[in-house]
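All remarks here apply to the structure that follows.
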Amino acid sequence: MVSCPSPGCRADSSDHLHPGAWGLARLWALGLVVAVSAAAVRGGEPRSRDSFDRAWRFQLGDQAGAEAPAFADGSWRKLDLPHDWSIEGAYNEKAPSGPPGGYLPAGIGWYRKSFTLPAADRGRRVTVEFDGVYEHSTVWINGHDLGTRPYGYSTFFYELTPYLHFGDEPNVIAVRVDNSEQPNSRWYSGSGIDRHTWLIETSDVHFQPSGIYVTTPVATTDVATIHVVARIANEGAGEKSVELRAELLNADGSPAGYAGGPPASTPVAASAEATSDAVLILPSPRLWSPESPALYTLRTQIAVDGRIVDSVDTTIGVRKVEFDVNRGLLINGKPEKLRGFCIHQDAGAVGSAVPDSLLEHRIRLLKEMGCNAIRGSHNPMAPEFYDICDRLGMLVMDEAFDEWTIRKPQIKYGYSDVFEQWYKRDLVDFIRRDRNHPCVIIWSAGNEVGEQRSPAGPQILRSLVGIFHTEDPTRPVTAAMDNIFNQDGPAPDSFTSLLDVVGYNYVDRWGGRRATQYVEDREAHPARRFVGTEETGIPEIRGVYSFGPLLGVDDSDDHLREGKGPDGPLYVASTIRAAALWKFAATHDYVTGEFIWTGFDYLGESAWPQKAASFAPLDTCGFRKDSFYFYKSLWTSEPVLHLLPHWNWPGKEGSVVPVVAYTNCSAVELFLNGKSLGVKTKEFPSEGVDGAWNTYREPKVEATTSDLQLVWDVPYSPGELKAQGYNRNGEVVATTIVRTAQEPTQLEISSDRGSLDASSREVASITVRAVDSAGTFAALAANAVTFSVDGPAALIGVDNGDPQSHAGYRGNMVSLFNGMALGLVQTTGATGSVTVTVKADGLSEASVTLQARGAP
């Protein structure tokens, strides 16, 4: 169990967490509660928080004087936020963003919005919230400069009140976004106001933005103690005596728990801020975990003279998290191995402006694979990301920066340009925004920073860790280190000793550590806590099965490069290194788990003609690759049996084509055109004797391989491959068939959902596949497909997952890539039937009908 380092700290007590003093306690073993940003209290109540996304105007290029209210913007484009203008551009090998930015344009863009406020709102405090603007944004209201925010991933607020008009006179907010210094990111970042915006109204006495902090000093199945600490502002005249009131609600709105004492009065001076706290007791709580992400609603209110003047609803989850030096990660006392992926914020056709429903769809795909953890790499994610992870039970490593003061060699500009001036504010805002989410279990101070081995590194890290511990003493801090060991030896203890959990990027990269991994460091540092912050995945392009050099391959950059030596099927070898990493993590309790690079293919970090990096089990469309089933076979208990490659190899008749099975079955028998090609067996983890010599708890498996895949060398003959999977008792539990397709004759269409919420602008992912007359998937089809949408919805993007395609995402036509394509359809706000039709020359068309529904 992780102990509290402060003298006198008791892990079973709540009285050491008091107003203004939470920085004294380092309760890493006491799970944090809460999630989600403040929910609006509507209908004339003390607080409103309304979407500010609709009806903006946009113009690409710098516009002199565009901050002025009278500036003529009638010719500007009308759009709703979030918006990423880079994804709308054309791919260009000479683009300044270059390989890191996916060869897409950047530049400068302007946004303007005109809005009115009723006269009745005069006297209210009005604040605008930007969940993120990439990057170097400057905001004006009615011509008044509110400030500039360099970091494109920060959530920030500006108070508008002193400069507003109430009544019929319009207000004009203007935002200049400067993403012209390129390249400034090692991956595709997008450009623009690419996250949500909100308009918040409160009274003079109100909670500060991100001003509510909740912990659970006690979190057991018998009882939970919920401790609320709030920062309260008084922007009115004269001192106010305020009461902080808190209540807990079940999902159905019924009361849960009770107050730990009467609300205390706290004086708040005029134009000042004060801290107040409250305690709630929750008997027999439903604990939050990845398997059961139970949530409550915490209602926190401020009362002045008995009248409620502010009220915030927060979704919370109660759980206890421990990083144990020997047992690894414990959630509510139970071991939980991190089965994680790293992801960037972009999502193929929509770039960095990802609709909430599409983001949730993608996270659900990861969960389907058995993934239980995500590392936000290498920056704060959009706020709704954490809300979704709370609901779905996904554990999160929350990362702050990719650079400190040393520039990454791939880019010309970056956060290092502003680190010294901005890191404290950016970090505090980041922690306060996210520290209430139950999904967030660990902070990361940085990724592969150059300071790992520099003399200045420990001083910078000490400052960062100090801020983390002050703002949130309940979670440990790590940093993702790619040079924790190299040819010069280990990283200095002066750096690694400052980390609560030490993060390893590519632990097996250097020398003999490909085989020994964490062993040497475990022996040298028995009190160290270990996590694989970034590990090798399975590089592959969906539907591509390459044969290439098996000897003389240079993988020093963790990518297969051209080399010399005999050719072979690279897809057979692609899982071996990833499997070795997982086998070590899974069988060594002290290793907390691993985050694999990456969960989805992403734009950028590529070399022309490729625009995207292809290391993931899911492509930019979210289509499952073969490796999806490799990880699913390791991480889920339902029977998994997946065969690769496809069985369409004209010209290879009689040549050996290795057939691979990803499976969690104990044995698999492969048939070609009805003839058995033999049974192969696997077992992981291997079962040892139990109770007596040569006695086994489960029926014994005589494994034919120590790999986590099964392979047959099959002389190619068109027809049918069939695999049967058996459990330990010899019973058939799974069957998979792969057939040779004839020429495609028709399109097949499906949607990830049958109905859409019109009011929330929900998005459906429409999958298109080519099949032959027998319905067999045509894995080599490349027909051009045209989408049309009839009804209250619009096509917002098309994709096919091809990392070398330079076609834009914003048209209605896309070529099938290895037989598949994607259309993204979004509701427009109205209700009714939506029919999506796809056509291709020479193929029968197909359509699917969805329902755009209103609020229930």
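The values are calculated or read from the model by the stated rules, or taken from the named source; none is laboratory data. This structure is a prediction, so every number in the text was calculated from the model and none was measured. Cβ coordinates were reconstructed from backbone atoms using ideal geometry, including for glycine residues, and neighbour counts include every protein chain displayed. In case anyone asks, the SASA skips ligands and DNA or RNA and just uses the protein heavy atoms, side chains included. Shrake-Rupley method; radii C 1.70, N 1.55, O 1.52, S 1.80 Å.
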Log entry, pairs with first residue in segment 508-533 being under 13 Å from Glu594 (Cα atoms), second being assigned to a helix (DSSP H, G or I) and open to solvent by 60 Å² or more (accessible area, probe 1.4 Å), beta carbons closer than 6 Å, six or more apart or on different chains, reads Asp508/Arg514
Of the candidates Asp417, Asp426, Asp398, the one satisfying the condition of being modelled with pLDDT of 95 or more, acidic (Asp, Glu) and open to solvent by 10 Å² or more (accessible area, probe 1.4 Å) is Asp417
Those residues of segment 276-313 which are crowded, with 20+ Cβ neighbours inside 10 Å and at pLDDT below 95 amount to none
Only one of (1) exposed (fewer than 15 other Cβ atoms within 10 Å of the Cβ); (2) on the phi > 0 side of the Ramachandran plot does not apply to Gly791, and that is (1)
Selection over segment 43-80 where residues are more than 28 Å from Gly829 (Cβ to Cβ), polar (S, T, N, Q) and open to solvent by 60 Å² or more (accessible area, probe 1.4 Å) yields a count of 0
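On the basis of being part of a loop (DSSP other than H, G, I, E, B) and either of a type in the set (S, T, N, Q) or touching a residue at least 40 places away in the same chain (Cβ under 8 Å) (or both), does Gln208 make the cut? Step through it out loud before you land on a result.
Details: part of a loop (DSSP other than H, G, I, E, B): no; either of a type in the set (S, T, N, Q) or touching a residue at least 40 places away in the same chain (Cβ under 8 Å) (or both): yes.
Against the criterion (part of a loop (DSSP other than H, G, I, E, B) and either of a type in the set (S, T, N, Q) or touching a residue at least 40 places away in the same chain (Cβ under 8 Å) (or both)), Gln208 does not qualify.
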Checked pairs for segment 451-475, first closer than 12 Å to Leu498 by Cα, second of a type in the set (Val, Ile, Thr) and open to solvent by 20 Å² or more (accessible area, probe 1.4 Å), C-beta under 7 Å and 6 or more apart or across chains, list as Ile460/Thr405
Here the residues within segment 255-273 that are farther than 20 Å from Asp313 by Cα and open to solvent by less than 50 Å² (accessible area, probe 1.4 Å) are Gly261, Thr266, Val268, Ala269, Ala270, Ala272
**OP:** Tell me, please, whether a residue that is closer than 25 Å to Leu295 by Cβ and among the basic types (Lys, Arg) can be found in segment 468-486.
**Re:** yes
Check: Within segment 606-620, is even one residue touching a Pro at 6+ places or on another chain (Cβ under 9 Å), crowded, with 22+ Cβ neighbours inside 10 Å and of a type in the set (D, E, K, R)?
Finding: yes
Turns out the strands (runs of 3 or more DSSP E) fully within segment 738-814 with at least 2 residues that are among the hydrophobic types (A, V, I, L, M, F, W, C) and modelled with pLDDT of 95 or more are 746-751, 763-771, 784-790, 793-799
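For every residue, the table says whether it meets (1) in contact with a Ser or Thr (Cβ under 8 Å, 6 or more places away or on another chain); (2) more than 26 Å from Leu822 (Cα to Cα); (3) not aliphatic (A, V, I, L, M).
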{"residue": "Ile308", "(1), (2), (3)": "no, yes, no"}
{"residue": "Asp313", "(1), (2), (3)": "yes, yes, yes"}
{"residue": "Val325", "(1), (2), (3)": "no, yes, no"}
{"residue": "Asp356", "(1), (2), (3)": "yes, no, yes"}
{"residue": "Cys371", "(1), (2), (3)": "no, no, yes"}
{"residue": "Pro380", "(1), (2), (3)": "yes, yes, yes"}
{"residue": "Phe385", "(1), (2), (3)": "no, no, yes"}
{"residue": "Ala400", "(1), (2), (3)": "yes, yes, no"}
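Does Trp110 qualify as being assigned to a loop (DSSP other than H, G, I, E, B) and either within 21 Å of Glu399 (Cα to Cα) or open to solvent by less than 10 Å² (accessible area, probe 1.4 Å) (or both)? First the steps, then the outcome.
On the way: assigned to a loop (DSSP other than H, G, I, E, B): no; either within 21 Å of Glu399 (Cα to Cα) or open to solvent by less than 10 Å² (accessible area, probe 1.4 Å) (or both): yes.
Judged against the criteria, Trp110 is not a match.
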Selection over segment 190-205 where residues are of a type outside the set (S, T, N, Q), assigned to a loop (DSSP other than H, G, I, E, B) and more than 29 Å from the chain's Cα centre (by Cα) yields a count of 1
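Being modelled with pLDDT of 95 or more and either open to solvent by 60 Å² or more (accessible area, probe 1.4 Å) or of a type in the set (A, V, I, L, M, F, W, C) (or both) is true for just one of Val701, Val733. Which residue is that? So that I can check it myself, show each step before the final result.
Working: Val701 fails: modelled with pLDDT of 95 or more.
Exactly one of Val701, Val733 is modelled with pLDDT of 95 or more and either open to solvent by 60 Å² or more (accessible area, probe 1.4 Å) or of a type in the set (A, V, I, L, M, F, W, C) (or both), namely Val733.
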Note: among Val223, Val218, just one is touching a Leu at 6+ places or on another chain (Cβ under 9 Å), open to solvent by less than 40 Å² (accessible area, probe 1.4 Å) and over 27 Å from Val126 (Cβ atoms), namely Val218
Sole miss for Pro718 among (1) touching a residue at least 40 places away in the same chain (Cβ under 8 Å); (2) more than 38 Å from the chain's Cα centre (by Cα); (3) not in a loop (DSSP other than H, G, I, E, B) is condition (3)
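Search segment 828-837 for residues being touching a Pro at 6+ places or on another chain (Cβ under 6 Å) and at negative phi, and hand back the single one that is least open to solvent (accessible area, probe 1.4 Å). Before the answer, list the steps.
Of the residues in segment 828-837, the ones touching a Pro at 6+ places or on another chain (Cβ under 6 Å) are 828, 830, 832.
Add one more test, that the residue is at negative phi, and what stays is 828, 830.
Numbers: Thr828: 65, Ala830: 49 Å².
That would be Ala830.
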Only unsatisfied item for Asp390, checking (1) open to solvent by 20 Å² or more (accessible area, probe 1.4 Å); (2) in contact (Cβ under 8 Å) with a residue 40 or more places away in the chain; (3) more than 30 Å from His642 (Cα to Cα); (4) acidic (Asp, Glu), is (1)
Residues of segment 756-779 being open to solvent by less than 60 Å² (accessible area, probe 1.4 Å) and closer than 14 Å to Asn818 by Cβ, in sequence order, are Thr767, Val768, Ala770, Val771, Phe777, Ala778, Ala779
Looking across segment 143-178 at residues that are in a loop (DSSP other than H, G, I, E, B) and farther than 27 Å from Arg122 by Cα, the single one that is nearest to the chain's Cα centre (by Cα) is Tyr153
Exactly one of Ala382, Ala353 is surrounded by 24 or more Cβ atoms within 10 Å (Cβ to Cβ) and either of a type outside the set (S, T, N, Q) or touching a strand residue (DSSP E or B) at 6+ places or on another chain (Cβ under 8 Å) (or both), and that residue is Ala353
Among helices (runs of 4 or more DSSP H) completely within segment 555-670, the ones holding 1 or more residues that are at pLDDT below 95 and over 25 Å from Tyr518 (Cα atoms) are 570-573
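For Ala480, indicate whether it is among the hydrophobic types (A, V, I, L, M, F, W, C), open to solvent by 10 Å² or more (accessible area, probe 1.4 Å) and either closer than 22 Å to Gln452 by Cα or not in a loop (DSSP other than H, G, I, E, B) (or both).
Spelling it out, it is not the case that Ala480 is among the hydrophobic types (A, V, I, L, M, F, W, C), open to solvent by 10 Å² or more (accessible area, probe 1.4 Å) and either closer than 22 Å to Gln452 by Cα or not in a loop (DSSP other than H, G, I, E, B) (or both).
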So, first residue small (Gly, Ala, Ser) in segment 318-334, second residue assigned to a strand (DSSP E or B) and open to solvent by 30 Å² or more (accessible area, probe 1.4 Å), Cβ within less than 8 Å, six or more apart or across chains; the pairs are Gly328/Pro335
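Going through Arg514, Arg475 one at a time, which residue ends up being charged (D, E, K, R) and open to solvent by 50 Å² or more (accessible area, probe 1.4 Å)? Show your work before the answer.
Details: Arg475 fails: open to solvent by 50 Å² or more (accessible area, probe 1.4 Å).
It is Arg514.
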Flagged in segment 651-680 as without any contact (Cβ under 8 Å) to a residue 60 or more places away in the chain and open to solvent by 60 Å² or more (accessible area, probe 1.4 Å), in numbering order, are Gly651, Asn673, Gly674, Lys675, Leu677, Val679, Lys680
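In this structure, is Val440 modelled with pLDDT of 95 or more, farther than 28 Å from Ile484 by Cα, more than 10 Å from the chain's Cα centre (by Cα) and open to solvent by less than 20 Å² (accessible area, probe 1.4 Å)?
On the way: modelled with pLDDT of 95 or more: yes; farther than 28 Å from Ile484 by Cα: no; more than 10 Å from the chain's Cα centre (by Cα): yes; open to solvent by less than 20 Å² (accessible area, probe 1.4 Å): yes.
Spelling it out, it is not the case that Val440 is modelled with pLDDT of 95 or more, farther than 28 Å from Ile484 by Cα, more than 10 Å from the chain's Cα centre (by Cα) and open to solvent by less than 20 Å² (accessible area, probe 1.4 Å).
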